[in-house]
Amino acid sequence: MTVKPAFLSRPATIAFVSPAALLILLFLIYPFISIFFISFTNESLTGLTAANPQYVGLDNYTDLFDFDTWMRRGEFGASLLLTAQFVIGSALIGQACLGLAIALAFHRQQGPLRQIVFTLVIAAWIIPDTVIAFAWFAFLDPFRGTLNGILGALGLPQPDWVLDHPMISIIVFNTWRGTAFSMLLFSSALAALPSSYFETADVIGASLWQKLRDIVFPLLRPVIATDLILITLATFNTFTPFLLTGGGPNFRTELVSIYTYRVGLDDFQFGKGSAIAVVVMLINLALASIYLVISRQRRVR
């Protein structure tokens, strides 16, 4: 006796989908459309343009891409460059490499050490942002911080990390914060590989680099690409470094997310802030499109 699959009727399907569609409409589509139209005005929170915003065409966009001031600190181009440095250092080099290294180090291993390491890495990922920020303030404090205490005991210089090395500070901070995602993704991918590959490599005496070159990298190429795209998206849009540096000192850590916040919600330039948001959304759309193409190629294979 064959059982035919049951399909919902069209009214029932609409009833189930409608709540999710309504939420998407209210919290995604409508705000995007509103921001898009506001980006063509000079709307602000105070002054004459607050009550009667005027249509200014592409002025907000031309102001953003004014190459005479493009690379000045506190301008859009400088923020994009800082964000690129932050993404490369924190996501592509830091999180991806560290996550893969931890996954490889504990591949095919069990025991308390693995559980402790994985628990600590995941805890750094799930602890609330404000708690993490206060912990890192204590860690990086130039006078009584843990890091400078260790450096002082070793007879090494004790700089003010946030003031003297702000970009390095937030790159290390975000790497520590977000490595768990890459670690878990690579651990799952490595666990799915046949153990016979690594056993054969051990028998013939293959080195670690040979295992990476001939086994790990070729077989995990789609997973590595997926990880890089997803952590790039997350790192490009993260706002957590604001809790550590506020975008300073002197705009030296003002990432695009922080720049958008400052212009739109601190300086109350809603029109210009909306233009920045539209450009950022287009960048995110391009990155998401790359991820979708990679995912489709994986399904085809």
Within region 238-257, is even one residue assigned to a helix (DSSP H, G or I), among the small types (Gly, Ala, Ser) and under 29 Å from residue 128 (Cβ atoms)? yes
From the options 217, 139, 173, residue that is hydrophobic (A, V, I, L, M, F, W, C) and touching a residue at least 40 places away in the same chain (Cβ under 8 Å): 173
If you go through region 21-44 one residue at a time, do you hit one that is among the acidic types (Asp, Glu) and at pLDDT 90 or above? no
Could you say whether any residue in region 52-63 is among the polar types (S, T, N, Q), free of Cβ contacts under 8 Å to residues at least 12 places away in the same chain and out of contact with any Pro (no Cβ under 6 Å at 6 or more places or on another chain)? yes
Kindly establish whether residue 256 is touching a Gly at 6+ places or on another chain (Cβ under 7 Å) and either surrounded by 14 or more Cβ atoms within 10 Å (Cβ to Cβ) or among the hydrophobic types (A, V, I, L, M, F, W, C) (or both). no
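Please find, within region 172-214, the residue that is surrounded by the most Cβ atoms within 10 Å (Cβ to Cβ) out of those that are part of a helix (DSSP H, G or I) and β-branched (Val, Ile, Thr). Please lay out each step first, then the result.
Going through region 172-214, the residues part of a helix (DSSP H, G or I) turn out to be 172-192, 195-203, 208-214.
Filter again for β-branched (Val, Ile, Thr), leaving 172, 175, 179, 200, 203.
Values: 172: 18, 175: 22, 179: 25, 200: 12, 203: 8.
Taking the candidates together, the pick is 179.
Is it fair to say residue 36 is of a type in the set (Phe, Trp, Tyr) and closer than 30 Å to residue 219 by Cβ?
Details: of a type in the set (Phe, Trp, Tyr): yes; closer than 30 Å to residue 219 by Cβ: no.
Taking the combined requirement at face value, the residue does not satisfy it.
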Among the residues of region 51-102 satisfying the criterion of being among the aromatic types (Phe, Trp, Tyr) and over 30 Å from residue 118 (Cα atoms), which is surrounded by the most Cβ atoms within 10 Å (Cβ to Cβ)? 76
Helices (runs of 4 or more DSSP H) within region 11-96 that include 1 or more residues within 19 Å of residue 266 (Cα to Cα), under 29 Å from the mean Cα position of the chain (by Cα) and of a type in the set (A, V, I, L, M): 30-38, 59-64, 76-86
Collect the residues in region 264-290 that are in a helix (DSSP H, G or I) and either acidic (Asp, Glu) or modelled with pLDDT under 80 (or both), keeping them in residue-number order. 266
If the Cβ limit is 6 Å and pairs must be 6+ apart or interchain, which residue in region 106-134 that is farther than 22 Å from residue 199 by Cβ and at pLDDT 90 or above pairs with which residue that is of a type in the set (Ser, Thr, Tyr) and outside any loop (DSSP other than H, G, I, E, B)? 121/179
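The values are calculated or read from the model by the stated rules, or taken from the named source; none is laboratory data. Predicted, not measured: the structure shown is a model, and the values here were computed from it. No Cβ is skipped: glycine too gets one built from the backbone with ideal geometry, and neighbour counts run over all protein chains shown.
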